[in-house]
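One structure below.
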Amino acid sequence: MGKEPIITAKDVNVFYGQKLALNGITLEVPRNKVTSLIGPSGCGKSTFLRSINRMNDLVDICRVEGEIKIEGKNIYDKDVDVVSLRAHVGMVFQKPNPFPKSIFDNVIYGPKIHGLVKSKSDAADIVEQSLRRAGLWKEVADRLDEPGTSLSGGQQQRLCIARAIAVRPSIILMDEPASALDPIATAIIEELIDELRQKYTIIIVTHSMQQAARVSQRTAFFHMGDLVEAGATKELFTSPQDERTQNYISGRIG
Amino acid sequence: MSDMFAGAEEHLKSRHRAERRFRWMGRLAIAFSLGFLTIMLFSITILGKGALSRTEIALRVDLSIEAVNPSNIEATSFNKLVRNTLFEAFPEITNRGERRRLLGMVSADAPFELERQILAEPSMLGRVQTIWLTASDDIDLFEKGEVDITLPEDYRRLKDLELGWLQTLEADGQIRSVFNAAFFTSGDSREPELAGILSALVGSILTLTVCFGLSFPLGIMAAIYLEEFVKKNRWSDFIEVNINNLAAVPSIVFGLLGLSILLGVFGMPRSSPLVGGMVLALMTLPTIIIASRAALRAVPGSIREAALGMGATQVQSTFHHVMPLAMPGMLTGAIVGMARALGETAPLLMIGMVAFIVDVPQGFTDAATSLPVQVFLWADSPERAFLEKTSAAILVLLGLLIVMNIVAIVLRKKFERRF
């Protein structure tokens with residue numbers, strides 16, 4: 001079981017109105033690995049990420065063709081409930097966006113709406129476990145009732161990761177999670193991503209090739225709506241097959 | 001500084017001048033508006049303070065058993081009693097016309113006032129008592145210094161004859177000025193000295209209750225649905241344009257609608273706060289919808305993404321996260337709408353809330369009037385004494401507005417959260 005990919009995308013086209021944003025993407029994402037999506041701005045990497053948990057549904061003019069299978073099930077089938085899909089596929093956004101509530105409430109919100117909280121001690125356990133996994137527990141253990149927005153940017157982002165973990169997803173999508181953070185906070189997040197890989201499959205969109213090289217085992221390079229090349233991170237960066245990939249990683253385009 | 005290009009310093013100076021000029025213009029604009037506001041409040045207060053006091057005349061009333069039967073007080077003609085008392089006080093007056101003027105010194109309500117006082121304290125029966133009765137509006141105005149006695153007699157309602165009687169009464173200490181509680185505890189009257197604001201105040205409060213109860217929930221629900229749930233297409237654009245147009249419809253048109261539909265078709269009670277509130281709710285609805293949509297739009301999209309990304313349903317995301325953040329803005333919209341509804345007269349005229357209402361309305365279907373309509377009615381009355389009532393009613397209206405605003409601010413503070 002561990003060997004076959006957790007996500008398989010096949011011939012995925014995404015349109016914004018008449019505009020084709022993603023053109024026939026076919027990609028396999030391996031289980032318990034970090035896959036990074038890289039490419040210049042507007043190449044469609046975020047669009048692809050957002051089709052994995054159907055956040056694109058929120059955009060009125062967006063239309064998705066093709067199929068994306070998670071654990072063998074096409075998430076664009078009629079009988080798929082986006083609510084349980086998003087519980088299964090967590091997401092961390094570019095800008096830390098904690099709710100304007102206490103740290104505790106931020107973490108417990110997801111489990112609560114999904115009915116995972118049976119008792120008060122349950123809630124406390126989930127919050128502690130999630131915050132520990134996100135590497136934030138030591139910093140906030142004694143001030144769980146303070147607003148999540150009072151934390152620093154890096155802490156807020158880890159709070160968002162804890163919030164996503166609390167719902168027990170198997171996949172976590174990260175949309176440039178460190179681009180709004182300073183280098184030290186970035187390093188902490190990257191370390192965290194590496195640890196989280198033990199339990200979760202992570203897909204991360206990043207602008208920084210260095211970050212992709214540091215945190216991911218696999219990399220996919222997008223360019224103008226096409227998936228140009230995907231493979232093991234080391235190989236992609238050392239011996240790219242496509243000229244566009246070579247130009248991008250060597251800094252000639254992008 | 002030395003390497004600046006030629007003329008740069010001059011240019012910089014003119015930029016600073018423009019800056020200073022603009023600041024001064026801003027200050028001037030604020031000073032102007034504050035100044036006018038102060039003048040308005042000041043003049044209304046000066047004019048309206050007279051309504052807080054009224055003049056009373058003391059009469060020695062014969063309450064002996066012959067005049068008032070203690071076991072059957074109601075059978076007494078208090079009208080006659082007041083007449084006789086006045087005639088006895090000025091026995092030298094026998095002329096019919098002059099006697100009528102003499103009777104006009106006290107309010108038309110004086111006999112009832114006397115009856116109420118006796119019923120309240122029957123122990124005063126059996127002998128001659130000094131009783132204070134409300135003076136008529138002309139006397140009241142004179143006592144407040146509102147009558148210019150230097151005018152020729154023909155130009156005054158108060159003739160020299162009455163001035164003479166007043167002098168006699170004043171010399172005997174039979175004139176006094178008291179706090180006019182009746183202004184706050186009674187309804188409208190044709191007699192200015194008896195007219196009170198209570199029925200209009202209660203009418204306004206009942207009407208606004210209906211208006212708020214209908215327009216606030218409907219308005220924010222419509223706004224939430226349009227802003228958070230509806231897909232943008234031709235239909236949603238059509239609805240949006242129409243709501244915006246509705247906000248600009250003259251209010252009297254809503255009154256006509258109420259008249260023809262609510263009263264005409266559904267036969268709802270005329271002049272009632274229920275219908276008034278419904279009409280005002282229709283008028284307020286677009287304002288609340290527009291303000292609430294703006295408040296919802298101001299909530300950062302990242303909050304919605306965060307909630308939906310965790311698997312919250314659209315409803316959960318909206319009610320758990322978006323609405324609490326938009327609540328202060330929604331309340332501001334509601335209070336703006338309510339303030340407009342409170343001051344609205346035109347639509348209420350159409351549905352009959354312009355009626356002369358003496359009794360304080362007891363429920364939503366009783367005939368009622370509202371504060372601005374009362375102001376309009378009093379301002380329209382020929383008696384000069386209504387001038388001070390009009391100003392005082394405006395002050396009550398402003399007071400209610402301030403109370404509403406304070407409530408809104410307190411609620412807003414309660415809901416306000418930091419991002």
- Nearby lysines by direct alpha-carbon distance to A:Lys120 (threshold 24 angstrom, same-chain neighbours under 8 apart not counted): A:Lys101, A:Lys112, A:Lys138
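Would you work out if the stretch A:59-186 is rounded, prolate or oblate? Take a ≥ b ≥ c from the square roots of the eigenvalues of the alpha-carbon gyration tensor; rounded if a/c is under 1.5, else prolate when a/b is larger than b/c, oblate otherwise.
oblate
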- Task: Straight distance only, please: which lysines reach the Cα of B:Lys49 with their own Cα at less than 29 Å, same-chain residues fewer than 8 apart left out?
- Result: B:Lys144, B:Lys159, B:Lys389
- Message: Among B:Leu37, A:Gln217, A:Ala162, which residue has its Cα furthest toward the positive end of the charge dipole of the protein assembly as shown, with +1 on Lys/Arg Cβ and -1 on Asp/Glu Cβ?
- Response: A:Gln217
- Task: For chain A, with a Gaussian network of springs between Cα atoms less than 10 Å apart, report the residue from A:Ile161, A:Ile172, A:Ile184 with the top mean-square fluctuation.
- Result: A:Ile184
- Part-to-part distance (alpha-carbon centres) for the stretch B:345-371 and the stretch B:109-156, which is given in Å: 30
- Message: Springs between alpha-carbon pairs under 10 angstrom, Gaussian network model over chain A: which of A:Asn106, A:Asn53, A:Asn97 fluctuates most?
- Response: A:Asn97
- If you take every DSSP beta bridge whose two residues both sit in the stretch A:101-254, what share of them, in percent to the nearest 5, is antiparallel? 60
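For chain A, what Kirkwood radius comes out of the mean inverse Cα-Cα distance, in Å?
The Cα-based Kirkwood calculation yields 18.7 Å.
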- Task: Could you run the Karplus curve 6.51 cos²θ - 1.76 cosθ + 1.60 with θ = phi - 60° over the stretch B:69-77 and give me ³J(HN,Hα) per residue in whole Hz, x for Gly and Pro?
- Result: 7, x, 8, 9, 4, 4, 6, 5, 8
- Task: At a Cα cut-off below 26 Å, give the lysines reachable from A:Lys33, other chains included and same-chain residues fewer than 8 away excluded.
- Result: A:Lys3, A:Lys10, A:Lys45, A:Lys69, A:Lys73, A:Lys95, A:Lys199, A:Lys234
- Note on the structure: To the nearest 10 degrees, the tilt of helix B:8-48 (Cα long axis) against the first principal axis of the alpha carbons of chain B is 30
- Note on the structure: With a Förster distance of 25 angstrom and the Cβ-Cβ distance between B:Ala379 and B:Ser33, calculated FRET efficiency to the nearest 0.05 equals 0.55
- Item | Table column - 3J(HN,Hα) (Hz), the stretch B:317-322, Karplus curve with 6.51, -1.76, 1.60, x for Gly and Pro | 4, 5, 7, 7, 10, 6
- Note on the structure: Inter-part gap, Cα centre of the stretch B:263-285 to Cα centre of the stretch A:1-56, in whole angstrom, is 57
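Quick one, could you list the DSSP H helices from chain A stretching 15 Å or more along their long axis (Cα atoms) with average Kyte-Doolittle hydropathy of 0.0 or above?
For chain A, where a helix must reach 15 Å along its axis and average at least 0.0, the hits are A:103-113, A:183-196.
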- Item | Per-residue HN-Hα couplings for the stretch B:147-160 [Karplus 6.51, -1.76, 1.60; θ = phi - 60°; Hz; x = Gly/Pro] | 9, 8, 7, 7, 5, x, 4, 5, 8, 10, 6, 8, 8, 4
- If you stretched the chain out fully between B:Met268 and B:Ser236, how much longer would it get, using 0.36 nm times the residue separation minus the C-alpha to C-alpha distance? 8.2 nm
- Item | Fewest-first ranking of A:Ile188, A:Ile52, using other Cβ atoms within 10 Å as the exposure measure | A:Ile188, A:Ile52
- Message: Under the rule of at least 5 residues apart or a separate chain, name every residue whose amide H is placed under 5 Å from the amide H of A:Phe222.
- Response: A:Ile38, A:Gly39, A:Val228
- Task: Decide, for the protein assembly as shown, between rounded, prolate and oblate: order the square roots of the alpha carbon gyration tensor eigenvalues as a ≥ b ≥ c, take rounded if a/c falls under 1.5, and otherwise choose prolate if a/b is larger than b/c, else oblate.
- Result: prolate
- Query: What value does chain B have for Rg/Rh, both radii from Cα atoms and Rh as Kirkwood defines it?
  - Reply: 1.15
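Quick note: the coordinates plus some simple rules give every number you see, no bench work behind them. The model shown is predicted, which means the values in this text are computed figures rather than measured ones. So basically every Cβ, Gly included, is an ideal-geometry build from the backbone, and we count neighbours across all protein chains shown.
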